[in-house]
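Read the figures in this text as sums done on the coordinates, not as results from a lab. Bear in mind the structure is a predicted one, so any value in this text is a computation, not a measurement. Here the Cβ is made from the backbone with ideal geometry for all residues, glycine too, and neighbour counts use every protein chain on show.
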């Protein structure tokens, strides 16, 4: 377990480094070709390589090394970045991401791709430079002995462990490298090593494959013994290992280190020592290859507003537990308020003001906790940059991605689940939206197509906009296809917006042939469903010749939502406020009957179908003759406007969403449950799925009915 | 001596006996998390008849089953004396509504007889075996087979 945790940390760091790499490359491609940016990219690749080496991820090390060497050339002004090299660097960066991902999940990667990129990278590396770099693949700058001498105070505070390490022959046979272990140790604290060559036989009897060397390591660290042992986990049983805590005085050990360094010089014969000598005393606080350069760069970064702020890594489980507990707190607060309102005869005014404070505090805590789960959309947008590059390459179009508002924060789950729909939409935009360069130039646009990805907070929601400056939707073609596929009737007269919305119907795909990129049988309806599953909506607008814009509106968080407390057939339920346009208490003449069962609501000259929520949920028979009822006008993408008939509206409040599916499976018409002030569970109705029943119930021409409703409504 | 005691230990089990529509049923005590007084539940739309609804158990949503209904004996008349037995089934918790809990019986595994041949497949799948408690027949039930058909039912919906 603990061995894995180091590995996990490495991969987490890799994510950040890859992010930095991508960011750096993007800056360079935008012309910000200064030393600092190039150095930042170089460092990111170098750090990945260093870490990968410790875990013997050879493919990754080899690739990162070549990549880094190219950047070293750029850094030392021997190589100028042109468009071709830039594209290659982006591809290399993408592949590096793949390699890290593959290493993380222990899956093989496409070796051909790697070889292809490597061959191209090597072209940029002068041959002698290449070999020299190959010789000392792990090129750490020596930091010198005096470091440890300078910091005796540190040693005094930390316990020192004595580690006796004697690798067996099998350790080398398994391809392990003591140096990597030592580097891991050095990350824990101040490491001093002493090589024992006593067992080294005379040359006549020397077996080159035998292990003769022993190390005596001293590690001053705050970590416990288990952490040290975990480093040796991979070589368990392949070496003799003894770890003990040393009580001796630190000054003496520093002295010892000095002698050790001299001892090591004697051992140049052994295969590992050439590198090891350099590292015999490694200061953990400056593992960076060029400490003297790092410091000024960091100082500059503080001045930059976009610089990374200090962060804390927390296990997601812990956050979720906290969120759950805070949810309980909110419920508890609601319960208290309800109980208080039931008490009669006592003057509670003072208590009430305290209670109001409690309510505000509880809300504050909740918002604070929710903010922990919130993350900037930046990594998501960066992934999309890659999708654009790949899609552009596959279709031989020139496309660039512009991102706006990438620091907008959204719930982690939302970000994760948004990746697929966004990928799909971006691919669509490149494949169908953006025209080929020649055509663009003809119509007076720049030859580079632009896709803009924009995120922003708007009134408790997050809006994500995907805009391309392509040709816009081909409405005639869409209409034609919809007709051919039987999605609309022949004489249907549709407005432009209605035609655009046909894209979201299941089974619709404009690509006349299935291309590699988009149109794999999944259409925009999948995107729509994915967004709807997150409690959001997606809409579309398009101007011929100017481009198409998709707008995704999402709730900020999935754990809490604003709901309207209603009653349906004697049961208390909650309707998500985001879907409700208005609530209406209909006057006598406003409800018209159609046949025996259907009812329509007349509102401002439009007729909107009425759906009995109780009937839909199978709770009672529709007997609506003499009953007071309230109608909730809801707006959905699929069915347009509908009125949901419920018995009464009680209250409007924030509710904590509890998943039902784990306990009870999927319940039709219900999206989740919540716990109300009285401790009872209330179902949260799924307005989208309830209104969709209109489409499903009328079998004759289902989609048409739907569109008629849209027309009626608008 | 030691082995003997272990054998004895492994054979003896404790069962909680309860009444469902006048019939005696029992359930292994290790499966039971807690026993609560009946309180009205929230109806779960589109659920089979034996699913009464869901209740809030310290913030968790727990489905409640009516055992009488499951065996086709009609709905249990819910009143204050009724109890809900919260049990663990695989990795989730469910509640079952019963008329009353009568006693805890310690028995030897060998006392459990195989279910005699009966017609109803549903009943047969749920009754693990029968045993005699003070001259009265008690039916040992298996919760997995109660939850599974219902769970699949609901997923099909």
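Assorted remarks:
- For a label point 7 Å along the Cα-to-beta-carbon line of residue B:39, residues of region A:650-673 with backbone N under 19 Å: A:656, A:658, A:673
- Look at A:71, A:448 and count the other Cβ atoms within 10 Å of each Cβ; fewest to most, that gives A:448, A:71.
- Cβ crowding within 10 Å ranks A:172, A:607 as A:607, A:172, fewest other Cβ atoms first.
- Per-residue Cβ neighbour rank within 10 angstrom, fewest leading, A:477, B:117, B:31, A:658: B:117, A:477, B:31, A:658
- Ellipsoid equivalent to region A:550-592 - semi-axes via the Cα gyration tensor, in Å: 27, 17, 7
- Computed over region A:377-555, the range of Cα coordinates on each principal axis works out to 45, 37, 28 Å, biggest value leading.
- Burial order of peptide ranges A:317-324, A:83-90 (average beta-carbon count within 10 Å, highest first): A:83-90, A:317-324
- Angle between chain B longest axis and helix B:144-156 axis [Cα atoms, degrees, rounded to 10]: 20
- The slack between residue A:439 and residue A:367, meaning 0.36 nm per residue of separation minus the straight C-alpha distance, is 20.9 nm.
- Taking only Cα atoms of chain B, radius of gyration then Dmax in Å: 16.3, 57
- Nearest 10 degrees, 0 to 90: helix B:2-11 Cα axis against chain B principal axis: 30
- nm² value of the averaged projected area, convex hull over the Cα atoms of region A:393-496: 9.5
- Histogram of C-alpha separations across region A:316-375, 5 Å bin width, %: 4, 17, 23, 19, 13, 10, 7, 4, 2, 0
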